[in-house]
Structures are given as structure tokens and as C-alpha cells.
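Take a look at the structure below.
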Amino acid sequence: MARTRVLIDTDPGVDDAVAILLALVSPEIDVVGVVTVNGNVPLEKTALNARRIVALAGRYDVPVAAGCAQPLSEPLGEDSVVHGHDGLGDLQWDEPAVALDPRDGVELMAELIEEGPLSIVAIGPLTNLAVLLQRHPGIDKRVEHLVIMGGASFQGNVTPAAEFNIWADPEAARVVFDAAWRITLMPLDLTHQAFLNDDDLAYFNGLGTEVGRRTAAMLEPYAQFHDRWYGNRDVIMHDAMAVYELLDPRAIEKQGVRLAVEVEGVHSRGATFIDRRREHARNHVRVGVSVDNDRFRSLLRERLAAYRD
Ligand code: RIB
Ligand code: CA
């Protein structure tokens, strides 16, 4: 089976952590780099968290580099009510054995693209990708597939209109969506179909491995956040949907669309307008429509169980 070369662009983030652990252990893909961005928490924290996760996975071969510290326009806040003060549920961690790669994260992206066929999983704000396009015009045509977690058709999360990754840097999202690369977008209306429950947290904890214990421990405060916000502890696996698309392209039903991002608007800044009319069915931009959550959960359990201490 030919493995897909993958770069992960991320703002860990608890759901980012699960997505990255899934990617690093799955035989269908070969993660050749992790680049972090300011998002759930500031860049220095997302970079430290990415090092923690890659070290937890034992993948000392994967470079972790820091990308952009601020969005293209309006700065982001410092803390995350969703992911905890440190961005990973505020557990105790030793200093990770994975060092921060000294290369500029956006330049690492460009190097990896030039080295050969590459798919990109973008699961944070799209600042790094926008700067990549600005510094390297035309590079979008050399990326095989860009899978993004972001946007929403009907209801946002950070505001009633906007999903966080797009809201955090709508100018960057507009640049990215207007480029020529093949995009598959996993919006909230798809990702809310994929969630873990307390049985899954108990399963991970019962694996008897550090990955299992830490995954369950990170997900606990995330479940408490979900309970406060949504009235139940089902933890939504937003970012894992972008990885899942590359593991099994048949698992998520998709459709071609035309996509626009609102960058103005008092109430609508960061909103995504997804035009699903049939005339766009063959467009280079597609959105995830539906996914079987039980099938996803059993795959995630199987893959995380493959880690050994
Ligand atoms: O709206 C969900 C997205 O925002 C996910 O990527 C999550 O990690 C947060 O960054
Ligand atoms: Ca994220």
C-alpha cells in the first residue's frame, strides 16, 4: 500500500492531540512534519504541546517547527476556555525529548512540498498556509491534497456565525480558499457527528499504556467543557476528521461546493458560506457531509491501542 506523505499544521489543542496521535500510528500515512500555529493557545504553547505529543508517540524522526505567532490581522487572546491554560488539559508533563526544529515552520512546509508529493492536514487557524502562499506564489499547485478542519454551514462555535479556526484568521482563510489546491473541508456540521463518550475514555485509560492514560487524561477536562457548553460529555473529534479523510477516503461522504469567507461583519466575521448547489458538484473544493461515528470510534480505539510503552 503506498503511504501518503503528510504534513500536519496544528494548534494543539486536545482534539489536535488525538488527531496527531492517530496520524502518527496509522500505516496509511507517513507524517513527515508537524508545524504549529497560534490558535487555541499562543504559539509557544502550541509548539511545546506538539513536541509533547510527538514525544509521547515516540516519533523522534518527525520534525516539529513553529509557524506564525499571530493572525494576518487581529491578534488572538492568550487563554483557552476549551483546552485549558496550557492547551492540553493542564496535565503535568516532563520536558519533551523532541526538540523544536530551528527552521521557520512555513519554510519547513515549503521544503517538504518541494521534496515530493505531499498532503497537508490543517487543523488550526490557516495563517501558516496563507503566509506560505504569499512567500511562495504557485506552491498551492504542488500540494496533492489539503484537508482542513474548519468552517460551518449553519451554526458556529466561537460565535453563532463562525467556527474557531476560520474566525481566528478569516483573512488567511480567504487567501487559502481562493487558491488552486484541492481542498476537502470538514466543517462543524460534519465534525459534530464524530464524538467519543465516557466508555471510550475508560477504554483508553484501560490500555495500560502512557498514550492511553494521557489521552484519557487530556479528554477528561475537554469532556467537562463539553458538558458545560453542550449539556453532555460527548467530546467532539473535530480535528481527527481531517486525518480520517486520509486514512479512509470512503469513510466520509463529501460533496463539491463553492465556498466564501466573511471577513467583515459585526456579527458574521469568520462565517463560511457554503454553496451546495449541484452546479458546484465537481468543484476542487469539497466538504464532508456525513460520517459513521461507531466506525470512526472503533478505528480510533484500534489505532491508539497499537502504541506500546
Ligand atoms: O472549531 C474546532 C477547531 O477549533 C478545532 O481545530 C479545535 O482544535 C479548535 O482549534
Ligand atoms: Ca485545532
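Please treat every number below as a calculation from the coordinates, not as lab data. Note that the structure is predicted; figures quoted are calculated from it, not measured. Ideal geometry is used to build each Cβ from the backbone, glycine not excepted, and the neighbour counts take in all protein chains shown.
Over the chain, what is the relative contact order in percent, taking alpha-carbon pairs closer than 8 angstrom and at least six residues apart? Intermediate values should be presented prior to the final figure.
Numbers: 718 pairs, mean separation 60.3, N = 309.
Worked out over the chain, it gives 20 percent.
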Checklist outcome for this item: Counting all Cα-Cα pairs in the range 177-287, those more than 18 Å apart amount in percent to 63
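Quick one: net charge of Pro42's neighbours, Cβ under 10 Å, K/R +1, D/E -1?
The answer is -3.
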Checklist entry - Given the alpha-carbon gyration tensor of the range 163-234, what are the semi-axes of its equivalent ellipsoid in whole angstrom, ordered largest first, with each equal to the square root of 5 times an eigenvalue? => result 32, 15, 11
Next on the checklist: Please report the net charge: other residues with Cβ closer than 12 Å to the Cβ of Gly208, K and R +1, D and E -1.
Outcome noted: 0
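One quarter of the convex hull surface, Cα atoms only: what value does that give for the range 37-155 in nm²? Let's see the in-between values first.
Details: hull surface 34.9 nm².
Dividing the Cα hull surface by four gives the mean projection, 8.7 nm².
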Item to check | Modelled label reach - Glu107, point 7 Å along Cα→Cβ, the range 17-43 residues with backbone N closer than 20 Å | outcome: 32-38, 43
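Starting with the fewest neighbours, write out Ile120, Ile8, Ile183 ranked by other beta-carbon atoms found within 10 Å of each beta-carbon. Please report the intermediate quantities before stating the final value.
Numbers: Ile120 27, Ile8 31, Ile183 23.
With the sparsest Cβ surroundings first, the list reads Ile183, Ile120, Ile8.
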Checklist entry - Label Asp248 and Trp229 with points 7 Å out from Cα along Cα→Cβ: what is the distance between them in nm? => result 2.6
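Quick check on the exposure proxy: order Asp189, Asp199 from fewest to most C-beta atoms within 10 angstrom.
Numbers: Asp189 18, Asp199 9.
Sorted ascending by nearby Cβ count, the order is Asp199, Asp189.
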Item to check | Two-decimal log10 I(q)/I(0) for the range 1-68, as the Debye equation yields it once each C-alpha is a single scatterer, q = 0.12, 0.26 Å⁻¹ | outcome: -0.26, -1.14
Checklist outcome for this item: The set of residues whose placed amide H lies less than 5 Å from the amide H of Ile148, leaving out same-chain residues fewer than 5 positions away, is Ala122, Thr184, Leu185, Met186
Next on the checklist: From the phi angles alone, apply the Karplus equation (6.51, -1.76, 1.60; θ = phi - 60°) to the range 211-224 and give each ³J(HN,Hα) in whole Hz, x where the residue is Gly or Pro.
Outcome noted: 4, x, 5, 6, 4, 5, 5, 5, 6, 4, x, 5, 5, 5
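What is the ratio of the Cα radius of gyration of the chain to 2.2 N^0.38 Å, where N is its residue count, to two decimals?
Values: Rg = 17.6 Å, N = 309, 2.2 N^0.38 = 19.4 Å.
Output field value: 0.91.
Above 19 angstrom, tally the Cα pairs of the range 94-157 and express them as a % of all pairs, no decimals. All intermediate terms of the calculation are to be shown ahead of the outcome.
On the way: 859 of 2016 pairs.
The share of Cα pairs beyond 19 Å in the range 94-157 comes to 43 percent.
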Checklist outcome for this item: Under the Karplus relation with 6.51, -1.76 and 1.60 and θ = phi - 60°, whole-Hz ³J(HN,Hα) for the range 262-276, x at Gly and Pro, equal 7, 10, 9, x, 5, 9, 10, 4, x, 5, 10, 9, 10, 8, 9
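Quick one: net charge of Phe154's neighbours, Cβ under 13 Å, K/R +1, D/E -1? Mind dumping the intermediate values first?
Numbers: positive: Arg276; negative: Glu163, Asp189.
Net charge in that neighbourhood comes out at -1.
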Checklist entry - Going from the alpha-carbon gyration tensor of the range 52-117, what semi-axes, largest first and in whole Å, does one get by taking the root of 5 times each eigenvalue? => result 24, 20, 9
Next on the checklist: Using Cα-Cα distances under 8 Å and only pairs 6 or more residues apart, what relative contact order does the range 181-268 have, in percent?
Outcome noted: 29
Item to check | Overall dimensions of the range 120-260 by Cα: Rg and Dmax, Å | outcome: 16.6, 49
